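K.L.:
The structure that follows is given in the form of structure tokens.
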Amino acid sequence: MPKIRPHHHPDHPLASDTDYSPVCGWPDDTSVQWGGGGIVFGAENYITAFFEAFPAGAGFIRGEGETIEDAERQAFAQFQREHGCQHVWGRRGYTNSGAKCIKCNAFHIHIFKPITKLGSWRAPLGYMSLSSIISGWMRPSATRGIDNAEHAKHNRLTWLRARWHGIDLPPMPTEAMTSAQFMGSVIDPYRTACREAVAAWLESDRCTLSAEERRNVERTINSHRQSDARLAAKAAVSSDQD
């Protein structure tokens, strides 16, 4: 049974597509997630069911289809092709440690040494970086295993970029994130402080986001605030019952 991402658990505050279960024979050390209506941006935007797998060894596979099951079967067929390939890796435009196989098109990280761009810590912040900050994911992770050092390095760079652009983030905790904190099933003071620091930055004259990016970040902030409000209300009800 593969490792299913926590947002597919019914008790997750942002649960989605909880009624689906994987049907293919994925290895136990593969993480998976899916969706019934993901938006794909491109020359022509479209909506599709999708299934994404993250095999051990830092790979990534995505399938698309009319249903989640169709998407999973497409992804699993790609996984089987990759598993039987004698890979020949090339950077194919990636400047981090990522690479693609020129034979089967598999993607893996930790293949090449990253090409470091001078001054990268001053690069503008985008939605994905800000979403990670809002979620409190800058702290160490106890679940990442051997790539935790690289994860910590990436988070440190994101923290420096945020501070450089005027986001008054709190110091990163030294203790690892708990599973409850990762799932958002408890109110986390560190996550709250990060979220509100980004919210304050949005209202400042140092915010560099486009109007569309700003709306996306505001929606994420409001979603997390509503989640914390539900957790607080639930805790208050439990307290009254005691």
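K.L.:
Restricting to the range 36-60, name every residue that is touching a Ser or Thr at 6+ places or on another chain (Cβ under 7 Å) and closer than 24 Å to Arg225 by Cβ.
P.N.:
Within the range 36-60, none qualify.
K.L.:
Now for a separate question. Which of the numbered conditions does Arg122 fail, given that it passes all the others? Conditions: (1) over 30 Å from Ile187 (Cβ atoms); (2) surrounded by 17 or more Cβ atoms within 10 Å (Cβ to Cβ); (3) at pLDDT below 85; (4) among the basic types (Lys, Arg).
P.N.:
Every listed condition holds for Arg122 apart from (2).
K.L.:
Which of the residues that make up the range 3-29 are crowded, with 16+ Cβ neighbours inside 10 Å and more than 29 Å from Leu231 (Cα to Cα)?
P.N.:
Residues satisfying the conditions are Pro22, Cys24, Trp26.
K.L.:
Contact list please: Cβ distance under 9 Å, first residue in the range 1-28 and in the same structural domain as Glu72 (by TED's automatic domain parsing) and aromatic (Phe, Trp, Tyr), second residue crowded, with 16+ Cβ neighbours inside 10 Å and in a loop (DSSP other than H, G, I, E, B), pairs at least six apart or on different chains.
P.N.:
Pairs found: Trp26/Pro2; Trp26/Pro55.
K.L.:
Which members of the range 136-153 meet the condition of being modelled with pLDDT under 75 and part of a loop (DSSP other than H, G, I, E, B)?
P.N.:
Passing the criteria: Ala142, Thr143, Arg144.
K.L.:
I would also like to ask the following. Return the pair list, or none, for Cβ contacts closer than 7 Å from residues in the range 164-181 that are over 30 Å from Ile4 (Cβ atoms) to residues that are assigned to a loop (DSSP other than H, G, I, E, B), at least 6 apart or on different chains.
P.N.:
From the range 164-181, the pairs are His165/Leu125; His165/Arg206; His165/Thr208; Gly166/Ser204; Gly166/Arg206.
K.L.:
Something else now. With a cut-off of at least 3 residues that are surrounded by fewer than 16 Cβ atoms within 10 Å (Cβ to Cβ) and modelled with pLDDT under 90, name the strands (runs of 3 or more DSSP E) lying wholly within the range 30-96.
P.N.:
The strands (runs of 3 or more DSSP E) meeting that bar are 31-40.
K.L.:
Residues Trp89, Trp121, Trp137: which one is among the aromatic types (Phe, Trp, Tyr), within 28 Å of Cys194 (Cβ to Cβ) and either without any contact (Cβ under 8 Å) to a residue 40 or more places away in the chain or in contact with a Lys or Arg (Cβ under 8 Å, 6 or more places away or on another chain) (or both)?
P.N.:
Only one candidate qualifies: Trp121.
K.L.:
Which one of the conditions (1) surrounded by 13 or more Cβ atoms within 10 Å (Cβ to Cβ); (2) touching a Ser or Thr at 6+ places or on another chain (Cβ under 9 Å) does Glu213 fail to meet, given that it meets all the rest?
P.N.:
Single failed check for Glu213: (2).
K.L.:
Say whether the condition of being under 23 Å from Trp121 (Cα atoms) and either touching a Ser or Thr at 6+ places or on another chain (Cβ under 7 Å) or in contact (Cβ under 8 Å) with a residue 24 or more places away in the chain (or both) is met by at least one residue in the range 218-232.
P.N.:
The answer is no; no qualifying residue exists.
The values are calculated or read from the model by the stated rules, or taken from the named source; none is laboratory data. Here the structure is a predicted model, which is why all the values come from computation and not from measurement. Here the Cβ is made from the backbone with ideal geometry for all residues, glycine too, and neighbour counts use every protein chain on show.
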